[in-house]
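Have a look at the structure below, then the notes.
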Amino acid sequence: LKVSRFQVVRIVGLSTLGKMETEMLPLATEEGSDGSELQARPQGVRWSGRARFALATAAVVCLLGAVFVRTQKADMDGTGVAGVAGVAGLDEVGDCKEWCSKERNAHKPWEQKCRWENCRQCSECTELPEIPPLAKTPYQLMPCEGSINTTTSLTGADYDAVVKSITDALGNLDPVCNATTCPQADVSGCILRMAGHDFMDFNAQTNLGGSDGCTDMKEGDNAGLDQCLVAGTEYGFELYTFYRQFCTKVSLADFIVIAAEAAMTFTRGVYLAEFPDRAQMDFKSQFKFGRTTAGECDYSAHVLPSPEVCDDVTRVFVDNLGLKWSQAAALMGVHTLGRASTENSGYDGWWSDPENSRRFNNNYFVSILAKGWMPERAINGNPLKNQWKVTDVGFDEKVSGKQMMLDTDMCLAFSKGLLSYKGLSAANNDCCTWTFALNLAEGGIDTYNDGKFCGESDKAKIDLWKSLPKGTSVANRIALWKVWEEDTGVGAFQTFADMREQCCQGLRRFSGEFEGFSDCGGVSHPTGLAPHAVEEFANDEDKWVDEFMVAWRRVTARGFDNLQKLQPTVV
């Protein structure tokens, strides 16, 4: 059938009882569909032979479609696990080389590309020595002679040595950060992503998973992790190099946690060098060792949170990891570091501006509230990947870099509900997220965002915006606005529209090409999953630091009951 990869396929069958028509959902949502509509049968109706034939045909098409979607999904995620190269003769017509060399893979060496099944038939791969396929777990990916599975003894000096080896390497990377590159941010983000994907597979019901040094490296969600672990394609940084120095003393499970703490320590240090009065983050004092490395972890498959399913934040962080909502929000602050890329996750952009992406601070929360955001769909042409983009008036990606947020980020603060949480989706909701400047008046604008609100830096204008009351109800707001207008001599509704215009791409009213767009729920009192925590962290970094340290200690210990404090260093 000549159909586009996400085209709706309509199967029409004719029976002696009349016309029977069923529709498959778009192939983009094929995974997770239970096919119940195709299986439904009208009660008391006898199905003709032609009707049964039509249903059988539909089933065959569905099966072919499922295989096709999984193939294309692997292709678009850059995992290369299955896809175009499996068809005989592709290399003869050049498709194999074209796919493996296209722009998103251009910087990767053929030694890495040839690990992908899609590329092994390329002539560039057949000329190389045989390369084993990508290992399934970090333990298989990072073998080390004499390595231990469980750390039985670890002193403060041992911990310091591991941290120093990694922070020194991060310090040797180019510190430049601009719209297109930031080596220290990219590597630090990759290390933290590895640690996060390790503990996010914890299952509270089975007590399996957690920070056991194991995740399925062939999962699409883990694409690109090998670049900073073993491939050395992240600016020459290879975590494996440092693990080999300590593998006889520290388990891989403990090492990954320490490596993440080293990355946060280094990037916090970059920030403190400019703002020395800000809070320190002492990971060493609360670190405990004794995690056992898992060589295999089939339980980690398909359990990581989907970036476009807000309910997964509840499932993973609250239900399984046992965090309070304020702690879950605080932990999401790791997104301050690094960025998403189409070649790995399929998404594209920094969570913060480039410079803040190498500083471990509260800028993630400031960005959510002090900028306007609207949906950006089909990232890199992939309808399965949708995110949020900055829509401040005057925002220039060439200067400030591509900046984005995922649904799971935005849901912390915003939802479609005016009074209560009702979910939020870049794929399905036509709206703009922004909030009253008053919600950032306690530090979010002046202390942590250089006095800017939605890109506006005029102090007099922002001070006026910060003074506009939000009220406790519509009636109360109208009453307060009347008093405010008498005091300032400025129209309250006009000021409200001025803020929206600044944050939402110059839109005072949602009309014209934006007909159908609206504010994402309540803008004076956002209705996300943890709006109060996001607002508090944006206005007071110390509160975020305190809550984050508690959350980090908790999630990296889940699944282990006998962890021990660092032992005294014997001089």
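The values are calculated or read from the model by the stated rules, or taken from the named source; none is laboratory data. This structure is a prediction, so every number in the text was calculated from the model and none was measured. Methodologically, a virtual Cβ is constructed for each residue, glycine included, from the backbone with ideal geometry; neighbour enumeration extends over all protein chains shown. Ligands, DNA and RNA are stripped out before the accessible areas are found, and what is left, the full protein with its side chains, is counted by its heavy atoms. Shrake-Rupley method; radii C 1.70, N 1.55, O 1.52, S 1.80 Å.
With all protein chains present, calculate the accessible area of Phe287 using a 1.4 Å probe and round the result to the nearest 10 Å².
10
Compare Phe414, Phe242 by solvent-accessible area with a 1.4 Å probe and give them largest first, with all protein chains kept in place.
My answer, sorted largest first, is Phe242, Phe414.
How would region 223-285 be classified by its alpha-carbon gyration tensor: rounded, prolate or oblate, with rounded meaning a/c under 1.5 and the a/b versus b/c comparison settling the rest?
Cα axes put region 223-285 in the oblate bin.
Considering only protein heavy atoms, what per residue accessible area in square angstrom results for region 415-523 with a 1.4 angstrom probe?
Accessible area per residue, region 415-523: 50 Å².
Which value, in Å² and to the nearest 10, is the accessible area of Val483 when all protein chains are kept and the probe is 1.4 Å?
For Val483, the solvent-accessible surface is approximately 80 Å².
Going from most exposed to least, what order do Lys422, Lys249 have by accessible area with a 1.4 Å probe?
Lys422, Lys249
Say each of Glu485 and Asp450 gets a label point 7 Å from the Cα, pointing the same way as Cα to Cβ; how far apart are those two points in nm?
3.6
Mind giving me the nanometre distance, one decimal, between the label points for Ala427 and Asn207, set 7 Å out from Cα along Cα→Cβ?
3.7
Which entries in the list Lys284/Lys324; Lys136/Lys284; Lys371/Lys461; Lys324/Lys389; Lys470/Lys543 go over 20 Å, if you measure between the two C-alpha atoms of each?
Violating the 20 Å Cα-Cα cut-off are Lys284/Lys324; Lys136/Lys284; Lys324/Lys389; Lys470/Lys543.
Over region 288-413, give the accessible area per residue in Å² for a 1.4 Å probe, as an integer.
So region 288-413 comes to 30 Å² accessible per residue, rounded to a whole number.
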